[in-house]
1. Restricting attention to the range 99-151, which residues are in a helix (DSSP H, G or I) and of a type in the set (Val, Ile, Thr)?
2. Name the single residue that is surrounded by the fewest Cβ atoms within 10 Å (Cβ to Cβ) among those in the range 119-151 being within 25 Å of residue 44 (Cβ to Cβ) and over 17 Å from the mean Cα position of the chain (by Cα).
3. Just for the range 74-94: of the residues that are more than 22 Å from residue 149 (Cβ to Cβ) and exposed (fewer than 13 other Cβ atoms within 10 Å of the Cβ), which one is modelled with the highest pLDDT?
4. Output the residues belonging to the range 152-165 that are part of a helix (DSSP H, G or I) and either loosely packed, with under 12 Cβ neighbours inside 10 Å or within 22 Å of the chain's Cα centre (by Cα) (or both).
5. Exactly one condition in (1) modelled with pLDDT under 90; (2) surrounded by 13 or more Cβ atoms within 10 Å (Cβ to Cβ); (3) not aromatic (Phe, Trp, Tyr) is not met by residue 70; state its number.
6. When you go through (1) at pLDDT 50 or above; (2) charged (D, E, K, R); (3) touching a Ser or Thr at 6+ places or on another chain (Cβ under 9 Å) one by one for residue 54, which number turns out not to apply?
7. What pairs can you find where one residue is in the range 88-117 and hydrophobic (A, V, I, L, M, F, W, C), the other is buried (at least 19 other Cβ atoms within 10 Å of the Cβ) and assigned to a loop (DSSP other than H, G, I, E, B), and their Cβ atoms are less than 7 Å apart, with a gap of 6+ or different chains?
Amino acid sequence: MPRCAFYGIITIQGFFPSYLKNRRNYLTVPWLVVVIIASLLANRLGLPLLPLAEWVGYLIGAFLAAPGVLILALGLKASSFRVLIGRDKSALITRGVYSYIRHPFCLSCILLAFSAAVGLRSAVGLMIAVLALVIIYVRALSEEKELERRFGQEYCEYKSKVGMFIPKRKRTRSPG
């Protein structure tokens, strides 16, 4: 088997072999890299930029990157490496950031892709980030079907309490 495979972009299979066996995972991992490379290339070729002042692009990019990196770090902290790479499928993680959102890695990837596109003021990068958003959303829906099949009612209850990408408001009981 070759060291590299092409599924929309080239990824190195030797890095996380068991994680990359599932082709759905190709839809999440590399989007930030694709947006950065496409944005830099488009800017170098003189393709249209977003109509933002340079400092505004940097500011918005930083505003999107900060929560993206934080959510990524919290997601890594809340789940074990064996779960992340797909070797341990027996545990439903509902602690940490997973108690607020069901797909922290997908959300962080989306935020970081948009951050790179806007930070580099690239119209091409922004189009790719929108495409990434759609593909990641479809991937998350597919993953949810698998989790419902695997964990049944436990996952359905978790899903009803926790938002997919945006935290749900906790309902407080009124006295009386």
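The values are calculated or read from the model by the stated rules, or taken from the named source; none is laboratory data. These numbers were taken from a predicted model, which means no experiment stands behind them. Quick reminder, even Gly has a Cβ in these numbers, built from the backbone with ideal geometry, and neighbours come from all protein chains shown.
1. Of all residues in the range 99-151, those in a helix (DSSP H, G or I) come to 99, 104-119, 123-151.
Selection gives 110, 118, 124, 128, 130, 134, 135, 136, 138.
2. By that ranking, first place goes to 123.
3. Ranking the candidates gives 77 first.
4. At the first step, the residues of the range 152-165 found to be part of a helix (DSSP H, G or I) are 153-161.
Across the range 152-165, the qualifying residues are 153, 155, 156, 158, 159, 160, 161.
5. Unmet condition: (1).
6. Here residue 54 meets the rest and fails (3).
7. Close Cβ pairs (under 7 Å, with a partner that is buried (at least 19 other Cβ atoms within 10 Å of the Cβ) and assigned to a loop (DSSP other than H, G, I, E, B)) amount to 93/79; 105/28; 106/28; 109/28.
One line per residue, one yes/no per condition, for (1) modelled with pLDDT under 90; (2) at positive phi; (3) of a type in the set (A, V, I, L, M):
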residue	(1), (2), (3)
8	yes, yes, no
21	yes, no, no
30	yes, no, no
37	no, no, yes
